[in-house]
Amino acid sequence: MHKLSITRRAALNLTLAAATSAFVKGAGAQNPATVKLGTVVPLSGPWASIGLNIKAGADFAIEEINASGGIKSLGGARLELVAADAEDSVEKAKNAAQRLLAQEPTLIGGFGDALSGMTLVVTELTERAELPWITQTFADALTERGFKYLFEAVPVASSQGQMALPAMMELAKTAIGFVPKTVAVVADTNQAIQVMVRTWRDGGFEKAGLTLLSEKPYTPPISDATELVANLRRNKPDVLFLMPSALPDLKLQLDKLTELGLGRDVLPTFAVAGPSGTPELLNVAGAKSLENFFSINSNWPGKRHQELVARFKARTGRPWMTAQSLDGYGQIMIYREALEKAGAADRKKVAEVIRKMDSTTGAADYFTGPLKWDERGRRVGAGLVIAQWRGGQPVAVYPPAIAVAKAVWPGKS
């Protein structure tokens, strides 16, 4: 009797399971399942301009994917982005990532952060969770830890440093017919930025034929930029690399340069990504003080992205698409491709597909260079783009294949 009861109960359970499965499948055909992606970026504080632009691009990509039918191989599954605010410190970024992972156990992938120090601690957690994670931060150390689930979507800092100087020199030669001879650097202590500076200091400047007149490191945030830039009027470098990671610091430095008569119409000034090409910078600094200011980026909308940019502007109301927004858009497109090929909302399968990517089309359309990863998770052949502020908006001026305008060399052209 007892055995018969167990048999009947098992049969009943199987029947209920089959019925439930049929119901779920039927319901799913009408209401596709949701696949969740996570992001940890600063949405408040001094680095918010970076995080908000990343998220704007990712949100836009998800809207377009869902509007076009979702993930086809998953029966039209819709994507959903769950964002956690990294705020203004490494510890807060770590806490945000911990909460995200605990509250969203069904995430199949994620991306972020905006600063290398934050990304280092966030990815310690995502790696333990075996969660694929794509980042647009560029510290070399990120992909020197033997992680299997981390993918660095941009060239690492040392590579960016090696590419930036020849690109700058080529711009100058094209615009004015000769190249700079002297340079000064003002850079914050962000890990990736300091790696770039070290690359220049340890042979990069010498190889380019540049003499370093001064180098001023500082720890953000600052309350006054006088000490950082005061010697520039005396030294009179041909080029200035101004490399803050936080918007308020950049604003203070630009204001002080203008006050000293070293505005962007006089001293050719290059910044590295961060807030240097964002609408938020325009809001606080004004178009006049930014005219001809250069921004070195691992990515920037170019000739082939004009239709995408038009859609982005119309949908989001933002005046242009930044490097960070294009990164955010492209990272979502990587996940779409991975999910379509994996045919399952499975972390390990998605990671495996990303790891094997090797293309110059599809999601690669939204990056500079091919979409291919080496054994460390670094992009192979990732390139560099230089944008220049013209008429209150940054536009791509290098390389020529991407450029939508010719560079203007301040004080010379």
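Data for the structure
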{"read-out": "Candidates PRO248, PRO244, filtered to the one that is closer than 24 Å to PRO166 by Cα and either touching a Cys at 6+ places or on another chain (Cβ under 8 Å) or of a type outside the set (Ser, Thr, Tyr) (or both)", "value": "PRO244"}
{"read-out": "Considering residues of segment 98-122 that are in contact with a helix residue (DSSP H, G or I) (Cβ under 7 Å, 6 or more places away or on another chain) and of a type in the set (S, T, N, Q) only, the residue nearest to ALA77 (Cα to Cα)", "value": "GLN98"}
{"read-out": "Subset of segment 31-52 [touching a Pro at 6+ places or on another chain (Cβ under 8 Å), open to solvent by less than 30 Å² (accessible area, probe 1.4 Å) and not hydrophobic (A, V, I, L, M, F, W, C)]", "value": "SER49, GLY51"}
{"read-out": "Candidate set: segment 71-93, residues that are over 15 Å from THR39 (Cβ atoms) and either of a type in the set (S, T, N, Q) or in contact with a Leu (Cβ under 7 Å, 6 or more places away or on another chain) (or both); chosen: the one surrounded by the most Cβ atoms within 10 Å (Cβ to Cβ)", "value": "ILE71"}
{"read-out": "Verdict on THR137 being touching a residue at least 12 places away in the same chain (Cβ under 8 Å), within 30 Å of ALA310 (Cβ to Cβ) and part of a loop (DSSP other than H, G, I, E, B)", "value": "yes"}
{"read-out": "Subset of segment 272-297 (residues that are touching a strand residue (DSSP E or B) at 6+ places or on another chain (Cβ under 7 Å) and open to solvent by 10 Å² or more (accessible area, probe 1.4 Å))", "value": "ALA273, GLU291, ASN292"}
{"read-out": "Some residue of segment 216-225 being open to solvent by 10 Å² or more (accessible area, probe 1.4 Å), among the hydroxyl-bearing types (Ser, Thr, Tyr) and in contact with a Ser or Thr (Cβ under 6 Å, 6 or more places away or on another chain)", "value": "yes"}
{"read-out": "Those residues of segment 85-109 which are in contact (Cβ under 8 Å) with a residue 24 or more places away in the chain, closer than 16 Å to LEU131 by Cβ and out of contact with any Asp or Glu (no Cβ under 9 Å at 6 or more places or on another chain), in sequence order", "value": "GLN98, LEU100, LEU101, GLU104, THR106, LEU107, GLY109"}
{"read-out": "Any chance GLU307 is touching a strand residue (DSSP E or B) at 6+ places or on another chain (Cβ under 9 Å), acidic (Asp, Glu) and either open to solvent by 10 Å² or more (accessible area, probe 1.4 Å) or farther than 19 Å from LEU250 by Cβ (or both)", "value": "no"}
{"read-out": "Filtered residues of segment 144-155 (kept if under 23 Å from ASP358 (Cβ atoms) and either free of Cβ contacts under 8 Å to residues at least 12 places away in the same chain or open to solvent by 10 Å² or more (accessible area, probe 1.4 Å) (or both))", "value": "GLU144, GLY146, PHE147, LYS148, TYR149"}
{"read-out": "From ARG390, ARG315, ARG378, residue being open to solvent by less than 50 Å² (accessible area, probe 1.4 Å) and among the basic types (Lys, Arg)", "value": "ARG378"}
{"read-out": "Within segment 172-196, tally of residues that are within 26 Å of ARG378 (Cβ to Cβ) and either open to solvent by less than 10 Å² (accessible area, probe 1.4 Å) or touching a strand residue (DSSP E or B) at 6+ places or on another chain (Cβ under 9 Å) (or both)", "value": "9"}
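Quick grid of which residues meet (1) over 27 Å from the mean Cα position of the chain (by Cα); (2) among the small types (Gly, Ala, Ser); (3) assigned to a loop (DSSP other than H, G, I, E, B):
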| site | (1), (2), (3) |
| --- | --- |
| ILE222 | no, no, yes |
| LEU242 | no, no, no |
| LYS251 | no, no, no |
| LEU262 | yes, no, yes |
| ASP265 | yes, no, yes |
| SER276 | no, yes, yes |
| LEU281 | no, no, no |
| VAL284 | no, no, no |
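The values are calculated or read from the model by the stated rules, or taken from the named source; none is laboratory data. What you see is a predicted model; the values in this text were computed from it and never measured. Because the Cβ atoms are built from the backbone with ideal geometry, glycine has one as well, and the counts that use them run over all protein chains shown. Each accessible area value is taken on the protein alone, full model and side chains, heavy atoms only, with ligands, DNA and RNA left out. Shrake-Rupley method; radii C 1.70, N 1.55, O 1.52, S 1.80 Å.
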